[in-house]
Amino acid sequence: MVDLTRRFDVLVIGGGNAALCAAISARRAGASVLVLEGAPKFYRGGNTRHTRNMRCAHDAATEILTGPYTEEEFWKDLLLVTGGQTNEELARFMIHESKDILNWIVEQGVRWQPSLGGTLSLGRTNSFFLGGGRAMLNALYRTAEELGVDILYDAR
Ligand SMILES: Cc1cc2nc3c(=O)[nH]c(=O)nc-3n(C[C@H](O)[C@H](O)[C@H](O)COP(=O)(O)OP(=O)(O)OC[C@H]3O[C@@H](n4cnc5c(N)ncnc54)[C@H](O)[C@@H]3O)c2cc1C
């Protein structure tokens, strides 16, 4: 049970990937945090639970990524997808910061698996969550709870 008479330093509204990363970061920085997830616990995590992988820039192959994916290549790929309708400053910031995510998210308990084969050729660019997006979310929720983040489901 969450004590709603308490005052919290940070209120995070939503309970997907963005919310959990924000909540964990704020808590690690010393803030008290309340996450208000609109969904019931079983359906927590919005679209994040449907995901399978994330694309991050990296300068060298890793245990599960077959080769480098530079910031410049990521930027060019983004332009192809958006047809140039891209805020360059914001996009380059996101791409640069993405390089830290591969390690950071492992520190939050998320595990990787080798790329899926078949019609997807993403083994160099995309890191796949072991167990899929639901497993990633479960790891983030577990870490948030262990850190002392308060979570309220069915929040209105
Ligand atoms: C089928 C599918 C597959 C995808 N696969 C991938 C993939 O493999 N890789 C990838 O990078 N992206 C993928 N995406 C995109 C990815 O899911 C989204 O970019 C990502 O989930 C966005 O994260 P988020 O935390 O912003 O939002 P969400 O994950 O959608 O989380 C939103 C959260 O807010 C909560 N919420 C909403 N309204 C309220 C409210 N009023 N009050 C309180 N809580 C509220 C929801 O319950 C939910 O928990 C996929 C999307 C879909 C639909």
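Every number here is computed from the coordinates shown, using simple stated rules; none is lab data. Just so it is clear, the structure is predicted and the values come from calculations on it, not from any experiment. No Cβ is skipped: glycine too gets one built from the backbone with ideal geometry, and neighbour counts run over all protein chains shown.
Annotations for the structure displayed:
- DSSP-defined antiparallel bridges as percent of all bridges, the chain, nearest 5: 45
- Taking a point 7 Å from the Cα of residue 106 along the Cα-to-Cβ direction, the residues of the stretch 126-156 with backbone N closer than 14 Å to it are 127-130.
- Once the Cβ-Cβ distance of residue 71 and residue 138 is raised to the sixth power relative to R0 = 30 Å, the FRET efficiency obtained is 0.45.
- Only Lys, Arg, Asp and Glu carry charge here, each on its Cβ (+1 for the first two, -1 for the last two); on that basis the chain has a dipole of about 560 debye about its Cα centre.
- Compactness ratio for the stretch 1-52: Cα radius of gyration over 2.2 N^0.38 Å (N = residue count) comes to 1.19.
- Going from the fewest other Cβ atoms within 10 Å to the most, the residues 96, 50, 58 appear in the order 50, 96, 58.
- Inter-label distance, residue 3 to residue 31: 2.1 nm, where each label sits 7 Å from its Cα along the C-beta direction.
- Additional length obtainable on full extension of the chain from residue 152 to residue 93, 0.36 nm per residue less Cα span: 18.0 nm
- Estimated translational D of the stretch 10-152 in µm²/s (Stokes, Kirkwood radius over Cα pairs; 10 °C; 1.306 mPa s): 98
- Among 57, 18, 135: highest mean-square fluctuation, GNM of the chain, C-alpha pairs under 10 Å: 18
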